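This report refers to the structure that appears directly beneath it.
The values are calculated or read from the model by the stated rules, or taken from the named source; none is laboratory data. None of the values given here were measured: they were computed from a predicted structure. So basically every Cβ, Gly included, is an ideal-geometry build from the backbone, and we count neighbours across all protein chains shown. Heavy atoms of the whole protein, side chains included, go into the accessibility calculation; ligands, DNA and RNA do not. Shrake-Rupley method; radii C 1.70, N 1.55, O 1.52, S 1.80 Å.
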Amino acid sequence: MAYLQITDFYKDFGDVKVLKGVNVQVEKGEVLSIIGSSGSGKTTLLRCINFLETPDKGSMVLDGQELFSSDIEKKDTDAELREKRLNFGLVFQSFNLFPQYTVVKNITLAPTLQLNDKIRQKNLELKKQGVKFFERRTRINEYKAIKKQEIEKEALSLLETVGLTDKKDAYPCELSGGQCQRVAIARALALKPKVLCFDEPTSALDPELTGEVLRVIKSLKNQDRTMIIVTHEMGFAKNVSDKVVFMSEGEIVEYGTPEQIFTNPKNPTLKHFLSTVSNKEEA
Amino acid sequence: MNLSLVLGELTKGFGKTLLLFAITLIVALPLGLILSLGARSKFKPLKYLVKGLIWVVRSTPLMLQVLFVSFVPFYGFGILNKDLAGFLGVEIYSLTFIFIAVAFALNYSCYFAEIFRGGIESISKGQYEAGKVLGMTKSQIFFKIILFQVIKKVLAPVSNEVITLVKDTALASVLGFEDLFTVAKGLVNQYVNLAPFLYAALFYLVFNGVLSLLFGYLERKVSYYKE
Ligand SMILES: Nc1ncnc2c1ncn2[C@@H]1O[C@H](COP(=O)(O)OP(=O)(O)O)[C@@H](O)[C@H]1O
Ligand SMILES: [Mg+2]
């Protein structure tokens, strides 16, 4: 079985059938691009993978662990859902940075909140072991200081990866779209997701800013990250992907290597789609 | 007319006004936040109950609400004010203040609730989803991401309400509460001289001036970032 195996995802919104039996597999360290015209269900698929939507039917296995199956009646608790979500990262088209926090705080916020939860647990454990209040406080404060430093250090190294070390104390409103998206990528990476998903990461950007974001994503490929990228940048998809899927009307119509998809498309809808996007690029 | 005596009386009245003002805000700001969340609840009965309350409170005069609250113990439950005061262990006089404060707090929490609801609804869905995919709990998302952005959004309308509240405290005179306005009115009658009204106006003016400065400071404080 593949590292990430999505089987038979179905999703309706009222009368609209958005996903109609989608199967996707991604191997560890592989980059999968999803292409397809707008409205074909790409975003919905990513949202299902990230537990922002619940598929009506289907199952998902990651790294041998079943994360979702519509056959199981029991609903996940909020805590279980959060745990499962953390297997994945999602970079949004519109960045969704937290405007009130600096760049570095945007990155450290979620890890710090996780740390606080862990500290609360640790405190309870120590209490159970009968460790006295002051002793407990000293130990916890030491632990907290070390961990906080680690989180900070990790954030700075991620900022280096995305080339924004000098912007660490800036606020999102002071950054260009391309810089915002690079912060969003660093923020997602800070939680060490097993699979990082991108939903049209450059669609909201001015054309001259797409390059810097695509370069960062490409550099992540060289670190062997497993990634799923929804994109309209055909040149980029061809270049960076190990596998490409073409989606149309809620179904996966063709799946293959970039050569198979771009040089040797078989499906007529895909052929038509490719001709329209390349026409657009020429225009 | 003895000026220092008059000013002394007015200052005492202003103290009462200030007390009503402070208690109203201390109760109504958090209660307004809770009501705004109730008005957005997925649990329909709660949602419509809160919305109904907000509608009634915002559609009727505050002065009527003050009277209404003061009538509730007797006409609603047949309890004499004397007995209620005894039960609560307070003077009749304090009971009057409690009635007024309850009506004011309820009234203002409904106005604040509407302001907060507007603020909360103006935050994009993307902010919640970004928090979710980062593994945050619902309360972490609300308190660490949403709340501050809402506060920034609602600061200006809240400051308007607060300034209105300063002036609304004069409505407490309907139950004979000795706030600034009631004291001024008494002095005007007593001395057959309009000057106490003028002095009272100065009190209101200076107090609202201070509040305007304070809110201006807060607004500058949260304007370190743009959307
Ligand atoms: N929350 C929703 N409610 C109703 N319809 C939705 C919702 N989300 C998506 N859709 C519909 O599902 C279809 C696919 O949307 P989407 O997954 O965003 O496609 P894509 O990302 O490929 O453009 C569209 O027709 C869209 O209108
Ligand atoms: Mg989309």
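Given the options A:217, A:151, A:146, A:140, name the one that is open to solvent by 40 Å² or more (accessible area, probe 1.4 Å), more than 16 Å from ligand 1 (Cβ to nearest atom) and without any contact (Cβ under 8 Å) to a residue 60 or more places away in the chain.
Working: A:217 fails: open to solvent by 40 Å² or more (accessible area, probe 1.4 Å); A:151 fails: open to solvent by 40 Å² or more (accessible area, probe 1.4 Å); A:140 fails: open to solvent by 40 Å² or more (accessible area, probe 1.4 Å).
Going through A:217, A:151, A:146, A:140 in turn, the sole match is A:146.
In region A:215-228 there is at least one residue matching the filter, namely being in a strand (DSSP E or B), assigned by TED's automatic domain parsing to the domain that holds residue A:34 and of a type in the set (A, V, I, L, M, F, W, C).
Scanning region A:1-22 for residues that are crowded, with 19+ Cβ neighbours inside 10 Å and within 16 Å of ligand 2 (Cβ to nearest atom) yields a total of 5. Of the listed requirements (1) modelled with pLDDT of 95 or more; (2) in the same structural domain as residue A:43 (by TED's automatic domain parsing), residue A:76 misses just one: (1).
Out of everything in region A:222-240 that is more than 13 Å from residue A:258 (Cβ to Cβ) and within 16 Å of ligand 2 (Cβ to nearest atom), what residue ends up being farthest from the other protein chains (Cβ to nearest Cβ)? I'd like the intermediate steps shown before the answer.
In the first step, residues of region A:222-240 are kept if they are more than 13 Å from residue A:258 (Cβ to Cβ); the result is A:222-228, A:230, A:232.
Filter once more, keeping what is within 16 Å of ligand 2 (Cβ to nearest atom): A:228, A:230, A:232.
Numbers: A:228: 13, A:230: 15, A:232: 20 Å.
Here the answer is A:232.
When you scan region B:108-227 for helices (runs of 4 or more DSSP H) that lie fully inside it, which ones turn up with 3 or more residues that are within 17 Å of the chain's Cα centre (by Cα)? Outline the logic, then answer.
On the way: elements: B:125-133, B:147-168, B:180-191, B:195-221.
Because the criterion is at least 3 residues that are within 17 Å of the chain's Cα centre (by Cα), the helices (runs of 4 or more DSSP H) in region B:108-227 that meet it are B:147-168, B:195-221.
Considered as a group, the residues in region A:181-206 that are within 10 Å of residue A:95 (Cβ to Cβ) and within 12 Å of chain B (Cβ to nearest Cβ) include one that is nearest to ligand 2 (Cβ to nearest atom), and that residue is A:204.
One residue stands out among those in region A:154-183 that are part of a helix (DSSP H, G or I), of a type in the set (Gly, Ala, Ser) and touching a residue at least 24 places away in the same chain (Cβ under 8 Å): the one that is farthest from residue A:196 (Cα to Cα), which is A:177.
Taking region A:172-211, which residues are touching a Lys or Arg at 6+ places or on another chain (Cβ under 7 Å) and either open to solvent by 30 Å² or more (accessible area, probe 1.4 Å) or within 16 Å of ligand 1 (Cβ to nearest atom) (or both)? Full working, then the answer.
So in region A:172-211, the residues touching a Lys or Arg at 6+ places or on another chain (Cβ under 7 Å) come out as A:173, A:175, A:179, A:196.
Residues satisfying the conditions are A:173, A:179.
Among the candidates B:98, B:120, B:79, the residue that is away from chain A (no Cβ under 14 Å) and closer than 30 Å to residue A:49 by Cα is uniquely B:120.
Okay, residues lined up against (1) modelled with pLDDT of 95 or more; (2) charged (D, E, K, R); (3) surrounded by fewer than 17 Cβ atoms within 10 Å (Cβ to Cβ); (4) touching an Asp or Glu at 6+ places or on another chain (Cβ under 7 Å):
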{"position": "B:134", "(1), (2), (3), (4)": "yes, no, no, no"}
{"position": "B:146", "(1), (2), (3), (4)": "yes, no, no, no"}
{"position": "B:150", "(1), (2), (3), (4)": "yes, no, no, no"}
{"position": "B:157", "(1), (2), (3), (4)": "yes, no, yes, no"}
{"position": "B:164", "(1), (2), (3), (4)": "yes, no, yes, no"}
{"position": "B:172", "(1), (2), (3), (4)": "no, no, no, yes"}
{"position": "B:175", "(1), (2), (3), (4)": "no, no, no, no"}
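Residues that are touching a Leu at 6+ places or on another chain (Cβ under 6 Å) and either modelled with pLDDT of 95 or more or open to solvent by 20 Å² or more (accessible area, probe 1.4 Å) (or both) are absent from region B:210-217. Quick check on residue A:196: is it part of a strand (DSSP E or B) and not assigned by TED's automatic domain parsing to the domain that holds residue A:110? Judged against the criteria, residue A:196 is a match.
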